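First the structure, in the form of structure tokens, and then the observations on it.
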Amino acid sequence: MSKLIAAALQMRSGTEPEANADAFEALVREAAGKGAQYVQSPEMTGMMVRSRDDLLERITGERGALVIDRARALADELSIFVHLGSTAVALDDGRVANRAFLFAPGGALVTTYDKLHMFDVDLDNGESWRESATYAAGERAVVADLPFGRLGFAICYDMRFPQLFRAQALAEAQVLTAPAAFTRQTGEAHWHVLLRARAIENGAFMIAAGQGGLHEDGRETYGHSLIVDPWGRVLAEVDGNEPGIAMAELDLDAVAAARGKIPNLKNARDFSVARVSGGGAAERKAS
């Protein structure tokens, strides 16, 4: 199985878990009806709640989480891979995990992945985020061996850390993923170029399902869910921030072809970094 029909689901998740699970299910069913064998939803599929107190009141652990149960049931019923891009999961220590889930046809859990890099930033116009105040950072990268190939996991802000994707590519990942809830202003500046760069520099497919539009909690996300091939070409995109589906057929043989043309994974070398002084500092020492 060297070919895969993949779908990236674009959503506008709100504050109500049941409504979000229903919207997720409708898109999964639509994608499967069009032939998708693997579907990916965005970061925070289950609920988008900016207030930490409100989030802690509404979420559950893995058991009893409606969108997780729905993803498992859909994978079973539709006989497809369902990649729940992420949802907030309550941990025993009072913190929260931003956790992805992959279910195989038949409903078995393949793996989970917790977001490694916390979005602690101060943007223009007063937009500020401190994910580390609520979420516990993950501690491991994940590559899953699947019938169609090897799949690497990431979530949103992770895409700004190329060493994560390089490590996955060196572990022979052929498909990279980055489900996201990218802010509108950072998305307009960097979304396409970052995702295409991660695909090009690793000779891998990239699938990134995104949240899009103005959410109930007041945040605004960029949308433009993408599927990119190993040469950096955009195979499919949801044009804009409305809910929708980006679908494409992935020929996994294209990964070997791209890496054969530009074997940068093989050609990489270890090196040291020398930090040297400029001319002014050297002149002062000489005087």
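The values are calculated or read from the model by the stated rules, or taken from the named source; none is laboratory data. Treat the numbers as computed from the prediction; the structure is a model and nothing was measured. Note: ideal-geometry Cβ built from the backbone for every residue, glycine included; neighbour counts use all protein chains shown. The protein model used for the area step is the full one, side chains on, heavy atoms only, and it has no ligands, DNA or RNA in it. Shrake-Rupley method; radii C 1.70, N 1.55, O 1.52, S 1.80 Å.
Structural remarks
- Among all residues of region 137-144, there is at least one that is surrounded by 18 or more Cβ atoms within 10 Å (Cβ to Cβ), over 15 Å from residue 209 (Cβ atoms), modelled with pLDDT under 95 and not aromatic (Phe, Trp, Tyr).
- Selection count, region 223-237, where residues are in contact (Cβ under 8 Å) with a residue 60 or more places away in the chain and over 12 Å from residue 207 (Cα atoms): 1
The rows are residues; the columns are (1) surrounded by fewer than 20 Cβ atoms within 10 Å (Cβ to Cβ); (2) out of contact with any Cys (no Cβ under 6 Å at 6 or more places or on another chain); (3) farther than 18 Å from residue 133 by Cα.
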{"residue": "53", "(1), (2), (3)": "yes, yes, no"}
{"residue": "75", "(1), (2), (3)": "no, yes, yes"}
{"residue": "84", "(1), (2), (3)": "no, yes, yes"}
{"residue": "94", "(1), (2), (3)": "yes, yes, no"}
{"residue": "101", "(1), (2), (3)": "no, yes, yes"}
{"residue": "108", "(1), (2), (3)": "yes, yes, yes"}
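- Residue among 256, 197 that alone is part of a helix (DSSP H, G or I), hydrophobic (A, V, I, L, M, F, W, C) and open to solvent by less than 60 Å² (accessible area, probe 1.4 Å): 197
Condition check ((1) over 22 Å from residue 217 (Cβ atoms); (2) at pLDDT below 95; (3) among the basic types (Lys, Arg); (4) touching a helix residue (DSSP H, G or I) at 6+ places or on another chain (Cβ under 7 Å)) across all residues:
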position: 20; (1), (2), (3), (4): no, no, no, yes
position: 83; (1), (2), (3), (4): yes, no, no, no
position: 97; (1), (2), (3), (4): no, yes, no, no
position: 129; (1), (2), (3), (4): no, yes, no, no
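- From the options 168, 163, residue that is among the polar types (S, T, N, Q) and either open to solvent by less than 10 Å² (accessible area, probe 1.4 Å) or within 17 Å of residue 111 (Cα to Cα) (or both): 168
- Only one of 77, 62 that is assigned to a loop (DSSP other than H, G, I, E, B) and either within 25 Å of residue 142 (Cα to Cα) or not β-branched (Val, Ile, Thr) (or both): 62
- Within region 1-20, tally of residues that are part of a helix (DSSP H, G or I) and open to solvent by 30 Å² or more (accessible area, probe 1.4 Å): 3
- Near pairs, Cβ below 8 angstrom, 6+ apart or cross-chain, from region 13-25 (in contact (Cβ under 8 Å) with a residue 24 or more places away in the chain) to any residue that is open to solvent by 50 Å² or more (accessible area, probe 1.4 Å) and in a helix (DSSP H, G or I): 15/54; 15/58; 17/58; 17/66; 18/66; 21/66
- Residue in region 264-284 that is open to solvent by less than 40 Å² (accessible area, probe 1.4 Å) and within 21 Å of residue 150 (Cβ to Cβ) present: yes
- Close pairs (8 angstrom Cβ cut-off, 6 or more residues apart or separate chains): without any contact (Cβ under 8 Å) to a residue 60 or more places away in the chain in region 32-43, assigned to a loop (DSSP other than H, G, I, E, B) anywhere: 32/80; 39/80
- One residue alone among 23, 32 is under 17 Å from residue 86 (Cβ atoms) and either assigned to a helix (DSSP H, G or I) or hydroxyl-bearing (Ser, Thr, Tyr) (or both), and that residue is 23.
- Selection count, region 205-247, where residues are part of a strand (DSSP E or B), buried (at least 22 other Cβ atoms within 10 Å of the Cβ) and not aromatic (Phe, Trp, Tyr): 11
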